[in-house]
Structures are given as structure tokens and as C-alpha cells.
Amino acid sequence: MEIIIQSGKEEASLVAARLVARRLREKPDLVLGLATGDTPRAVYRELIRMHREEGLDFGAATSFNLDEYLGLAPDHPQSYHAFMRRNLLDHINIPPERTYIPDGRTTDVPAHCAAYEESLRAAGGIDLQILGIGGGGHIGFNEPGSSLASRTRIKTLTGETIADNARFFDEAAEVPHHVLTMGIGTILDSRECVLLAFGEHKAAAVAHAVEGPVSASCPASALQLHPHVKVFLDEGAAKKLERREYYRWVYARKPAWQGFE
């Protein structure tokens, strides 16, 4: 696990976007795993800029989203289909038929989740998975207590997550209580993971995920078991890391062949 601490959210997001761009240039048919929410927006903005101004080509790429609210249609303004269109997919040249997002309208959840896993396998698996982290340590919508071997499935959100997501809806009563999400085992199958976390309110979750024990109590801690994880943080999110000065020292002395900027 490589910890990359930058002075602010924008700085960390730019470095993370350069990593994604490098991987795409190295492998034009890259399979990307995408996250939603405030955390990855700056990364997506930079990827859009690179596409428009530098010719970054998504034409052979494929994307899979982590999750979706159960019960929301793709055209609902707070669906993750709509979020991805607004914040990335409508602004790059990735073919729509190669963008996969769980369908919140499904009436057969087990069959839909099994089909999503099969689509992932058919695409060759995820090359680079972008992740955020919740205040309770969740990745995707794998809430604390989730099995570390879990696959794509339905999850019931905690009260904390529902309250946190309420700000995106007109009324709190509109916030869905159930979601479809890739499982932790599904995420760990990715060849490389990029975890983004910004702000002091994420510091405790980051510390548990990076330096704490591997435990279902902090689902993101399962990333310690993955061989290729890069964690991009601002100063606030890094505040509770005991070894943060060592992480800075290591990043500043990366051999040239390990670089990605």
C-alpha cells in the first residue's frame, strides 16, 4: 500500500488523475472501476480536461460502477447513472455500451447481481478501481460488518450513511435505504486500487483502513490484503496516520521507474 499525501484535495486529485491517464495510455482497452460522490469529482474533472485538451482517449475503455441506489431509475437526478453522466461519461468518448452501472429498477436482485459479476468476468476484470471511503470505513456501499469475501449484492445502509446522503435529496424521506454494490471480494479482484480521501472528517477512517487491523468493522482495511493499492490523501485526511512522515519520505524518494506522474 502506497500512501500519497498532498497539500490539498485538488493537488491529490490531480496526481491521482495522472495515474489513471498513464494506465489508460499504457492499456487503451483499460477496464475502469468508478466511484461516485463528492470525493472523485476533481479526478473526473481532470480526466475530462485531459480528454479535451490532451487527447486522452477512452474509445477502447470499459467502465463498471461500484454501486447504485435500489429503487431509483437511471434518469432520477440522484441516481448514480445520472451522477456519472453529469460528472464524467457524457464528457469523454467512452462507448455507452461499455459503461456498466447496476440497475436500481431490477425486480430480481440476486439474478441482476449475478449477471453484473458475469459481465465483470467477461470484460476480463477491473484493471484500475477508483474508491472513496465513508466515515465509518465503508468502500462502495459495503457497510461495517460486511464480509471481506462478499460479491455484488443488496445492502441495507446504516443510519449514518443515510443521514450523510440526505443532503443530496430534497427530503430526507426520499433517501433510499437499500443499494446494490460490488462486494469487498469483487473490489479485491481488481488489479490495482486507488483510494481517495479528503478532509479531517475522513481521518479516523483512513487511519483504521491503513494502519489498523484488517477487520469487517472497517471494510476499507481489507485493502491491506491487496498487492497494488495507492491511497491519495490531503493533509486533513492524513492527520491521524502515525507514520505519515514516513509516507512522505518514501513518496519523495520514489525511484524513477516507479513513477506515474
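Laboratory data are not the source of any read-out in this text; all were calculated from the coordinates shown. Since we're looking at a predicted model, the values are computed, not measured. Note that each Cβ is placed from the backbone with ideal geometry, even for glycine, and that neighbours are counted across all protein chains shown.
Data for the structure
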item	result
Search result, residues across the stretch 71-88 that are touching a Leu at 6+ places or on another chain (Cβ under 9 Å), surrounded by fewer than 21 Cβ atoms within 10 Å (Cβ to Cβ) and in contact (Cβ under 8 Å) with a residue 24 or more places away in the chain	GLN78
Count of the stretch 168-190 residues which are buried (at least 23 other Cβ atoms within 10 Å of the Cβ) and more than 16 Å from HIS138 (Cβ to Cβ)	1
Residue within the stretch 173-196 that is farther than 21 Å from LEU223 by Cβ, more than 15 Å from the chain's Cα centre (by Cα), of a type outside the set (Phe, Trp, Tyr) and in a helix (DSSP H, G or I) present	yes
Every residue from the stretch 75-107 that is within 17 Å of ILE126 (Cβ to Cβ) and charged (D, E, K, R)	ARG98
Members of the stretch 205-247 found to be charged (D, E, K, R) and loosely packed, with under 15 Cβ neighbours inside 10 Å, listed by number	GLU242, ARG243, GLU245
Hits in the stretch 16-28 (condition: among the charged types (D, E, K, R) and touching a strand residue (DSSP E or B) at 6+ places or on another chain (Cβ under 7 Å))	ARG23
All positions within the stretch 18-36 that are buried (at least 17 other Cβ atoms within 10 Å of the Cβ) and either under 22 Å from ALA82 (Cβ atoms) or not charged (D, E, K, R) (or both)	LEU19, VAL20, ALA21, LEU24, LEU30, VAL31, LEU32, GLY33, LEU34, ALA35, THR36
Among the residues listed as LYS254, LYS239, LYS202, LYS155, the single one being in a strand (DSSP E or B) and either of a type in the set (D, E, K, R) or in contact (Cβ under 8 Å) with a residue 60 or more places away in the chain (or both)	LYS155
Qualifying position, being touching a strand residue (DSSP E or B) at 6+ places or on another chain (Cβ under 9 Å), surrounded by 17 or more Cβ atoms within 10 Å (Cβ to Cβ) and part of a helix (DSSP H, G or I), among SER63, SER13	SER13
Counted residues, the stretch 73-119 - those being hydrophobic (A, V, I, L, M, F, W, C), more than 20 Å from THR62 (Cα to Cα) and not in a loop (DSSP other than H, G, I, E, B)	2
Residue count, the stretch 227-261 (criterion: more than 21 Å from PRO40 (Cα to Cα) and of a type outside the set (Val, Ile, Thr))	20
Test: residue in the stretch 122-142 that is more than 14 Å from the chain's Cα centre (by Cα), among the aromatic types (Phe, Trp, Tyr) and either part of a loop (DSSP other than H, G, I, E, B) or crowded, with 17+ Cβ neighbours inside 10 Å (or both)	no
